[in-house]
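K.L.:
Here it is, the structure, as structure tokens.
Every read-out reported here was derived from the displayed coordinates using simple, explicitly stated rules and does not represent laboratory data. Every value quoted in this text rests on a predicted model; they were computed, and no experiment measured them. Please note: Cβ atoms are built from the backbone with ideal geometry, for glycine as well, and neighbour counts cover all protein chains shown.
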Amino acid sequence: MKIKTMRDVSTIQGLRNQATPTTREQAVTEAARLERELARLKRELDMWTANQNKTTERMQRIEQRLALLGELVEPSLGSVTERSSGHERVAERTEDGRQEKEKGWRTVDLQY
Amino acid sequence: MTIAVAEAPPTILKVSARADFVESPAVHDVAERALAYLRASYPVHFRGPAGTGKTTLALHVAAQLGRPVILIVGDEGFATADLIGDKSGYHYRKVVDRFIHTVVKYEEDAVERWVDNRLTHACREGFTLVYDEFTRSRPEANNILLTILEEGLLILPNMNSRDAYIKVHPDFRSIFTSNPQEYAGVHEAQDALSDRLVTIDLDYYDRDTEIVITSAHSGLPMEQTAKVVDVVRDFRASGEYDQTPTLRASIMIARVIAQQELPPAASDPRFVGICLDVLESKTVFTSGTRERRAQQRKMLLSLIEHHCA
């Protein structure tokens, strides 16, 4: 490992911890320490997962609420959409794009 | 939070012929000529007096093109914004950033919102524009059409926008109508605009076409329709009126007598009454014209007697 700062310099304790245990007592001690550490990390992961679930639920509730507000503001809109402030103007569009757009047009039949 | 209200989609017309629409050889010929010009990307202008079927013909030709139709009817109150659109309202946005709870950052932004109008939609999407009675709009309102028809470019007044110039869609076509004999609420078209249009002059249809159209629109048998059409055509030929009696007058009379199941006979006072109601109104009613109106009634009665004996 390339040493850049003093943090990268191993301490005597660090060297001892990284070394392969030579006695049964050292091995058992380290195994016990690592088991505790593993259990702690599992608890931490559970907390993160619980937080993630909670946040996802909150986001879903907010999206539902925004959809409701969008209906109130503009019934034909159906849902609130994020748009850029500028109008998207496309002079030439593909055939598929045109068909997509045509679906949104309001059509009135006129007979002559 | 930003709530964006979607711009309402344009309302377009899906034009189709009625069941009683008659495409006589004369109508077919004019429509084919107009279509030839339109397919060559030239705008067509139908010009003719009232009752010659300009608007119907324009819609018929537009239907042949097979594209959605945008219909605009000229009006004195029209300004350029009524054709292309205008700035309407604002997009308002407020952001409160409290990513770090001790630091509050506010951002506010208001952007003017541009709303397209029908001509802009037509240019952008390649619709067929039918501009009915375009000389009823003031000439300056129609100036925007000059670059659209010549350079194929719609120039919008919002200079700061990246959309100040819109390339007109290659499928965009335009059909104009106007009545050169109209004297109420019309303007002269500017030469620059007239020069860009292929003008087709329309006149009243021949007798056979008028009979077929009137019969189709009223449901009256052809031989009975012929009597009504002859009365109206002879009255038109007499010149004794202020407003030209048109095909509409024939259809009015024929439809009413068809609904009431009256025969077109001079001996039936109800039929004579309907003819007088429809045709006598073609003269301006002033106190000084009483004698003329009496003469006109006499002439109308003799026409009815002659054709509907």
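K.L.:
Of the beta bridges DSSP finds with both residues in the protein assembly as shown, what % are antiparallel, to the nearest 5?
P.N.:
On the way: 16 of 39 bridges.
Taking every DSSP beta bridge within the protein assembly as shown, about 40 percent pair in antiparallel fashion.
K.L.:
Something else: Output the 0 to 90 degree angle, nearest 10, between the alpha-carbon long axis of helix B:222-238 and the longest principal axis computed from the alpha carbons of chain B.
P.N.:
For B:222-238 against chain B, the angle is about 90 degrees.
K.L.:
Who wins for biggest fluctuation among B:Ile166, B:Ile70, B:Ile175 in a Gaussian network model of chain B, springs between alpha carbons below 10 Å?
P.N.:
It is B:Ile166.
K.L.:
Which entries in A:Lys54/B:Lys94; B:Lys54/B:Lys298; B:Lys227/B:Lys298; B:Lys54/B:Lys87 show an alpha-carbon gap greater than 25 Å?
P.N.:
Correct reply: A:Lys54/B:Lys94; B:Lys54/B:Lys298; B:Lys54/B:Lys87.
K.L.:
Sticking with this one: For the residues A:Met59, B:Met252, B:Met222, A:Met6, what sequence is obtained by ranking on other C-beta atoms within 10 Å, fewest first? Each step should come with its number before you reach the end.
P.N.:
Numbers: A:Met59 10, B:Met252 21, B:Met222 13, A:Met6 6.
Ranking A:Met59, B:Met252, B:Met222, A:Met6 by Cβ neighbours within 10 Å, fewest first, gives A:Met6, A:Met59, B:Met222, B:Met252.
K.L.:
Nothing charged except the Cβ atoms of Lys and Arg (+1) and of Asp and Glu (-1): what's the magnitude of the dipole of the range B:223-309 about its Cα centre? Round to the nearest 20 debye. Present the calculation step by step, with values, prior to reporting the outcome.
P.N.:
Numbers: 12 positive and 11 negative charges, 50 e Å.
Computed about the Cα centre, the dipole is about 240 debye.
K.L.:
Label points 7 Å out from Cα along the Cβ direction at B:Met222 and B:Gln260: separation in nm?
P.N.:
About 2.7 nm separates the two model spin labels.
K.L.:
Treat every Asp and Glu Cβ in the range B:1-95 as -1 and every Lys and Arg Cβ as +1, leave all other atoms uncharged, and give the resulting dipole magnitude about the Cα centre to the nearest 20 debye.
P.N.:
Working: 10 positive and 9 negative charges, 74 e Å.
The calculated dipole for the range B:1-95 is roughly 360 debye.
K.L.:
Show that you can apply the helix-only estimate: for the protein assembly as shown, add -39,500 (n - 2.57) for every DSSP H stretch of four or more residues, divide by all residues, and state [θ] at 222 nm to the nearest 500. Write out the running numbers ahead of the final one.
P.N.:
Details: 14 runs with 191 residues, N = 421.
About -14500 deg cm²/dmol.
K.L.:
Could you work out the relative contact order of chain B, using alpha carbon pairs under 8 angstrom and six or more residues apart, expressed as a whole percent? Could the numbers behind the result be given before it?
P.N.:
Values: 483 pairs, mean separation 59.8, N = 309.
Normalised by residue count, the contact order of chain B is 19 percent.
K.L.:
Another question, if that's okay. Pop a pseudo-label 7 angstrom from the Cα along the beta-carbon direction at both B:Arg293 and B:Glu151 and give the gap in nm to one decimal.
P.N.:
The modelled label-to-label distance comes out at 5.6 nm.
K.L.:
If you plug each phi of the range A:18-26 into the Karplus form 6.51 cos²θ - 1.76 cosθ + 1.60 with θ = phi - 60°, what whole-Hz ³J(HN,Hα) values come out, in order, with x for Gly and Pro?
P.N.:
Going residue by residue, I get 7, 6, 5, x, 9, 10, 5, 4, 5 Hz, with x marking Gly and Pro.
K.L.:
Still on this structure, please answer the following. Could you tell me the largest-minus-smallest coordinate of the C-alpha atoms of the range A:1-71 on each of the three principal axes, in descending order and whole angstroms?
P.N.:
71, 33, 13
K.L.:
Arrange B:Glu140, B:Glu291 by Cβ neighbour counts within 10 Å, fewest through most, would you? Mind showing how you got there, number by number?
P.N.:
On the way: B:Glu140 12, B:Glu291 8.
So the residues, fewest neighbours to most, are B:Glu291, B:Glu140.
K.L.:
Please rank B:Tyr241, B:Tyr131, fewest neighbouring Cβ atoms within 10 Å first, as an exposure proxy.
P.N.:
Arranged by neighbour count, lowest to highest, B:Tyr241, B:Tyr131 become B:Tyr241, B:Tyr131.
K.L.:
What translational diffusion coefficient, to the nearest whole µm²/s, does the range B:104-253 have by Stokes-Einstein, given a Kirkwood radius computed over alpha-carbon pairs, a temperature of 10 °C and 1.306 mPa s viscosity? Before the final figure, lay out each step's value.
P.N.:
Working: Rh = 19.5 Å.
Calculated translational D: 82 µm²/s.
K.L.:
How many angstrom lie between the Cα centre of the range B:109-144 and the Cα centre of the range B:17-54?
P.N.:
Between the Cα centres of the range B:109-144 and the range B:17-54 lies a distance of 24 Å.
K.L.:
Working from Cα positions, state the angle (0 to 90°, nearest 10) between the long axis of helix B:290-307 and the longest principal axis of chain B.
P.N.:
70 degrees
K.L.:
Additional query: So for the protein assembly as shown, taking the charge dipole from beta-carbon charges (+1 Lys/Arg, -1 Asp/Glu), which of B:Gln64, B:Val96, B:Val30 sits furthest toward the positive end?
P.N.:
So the residue furthest toward the plus end is B:Val96.
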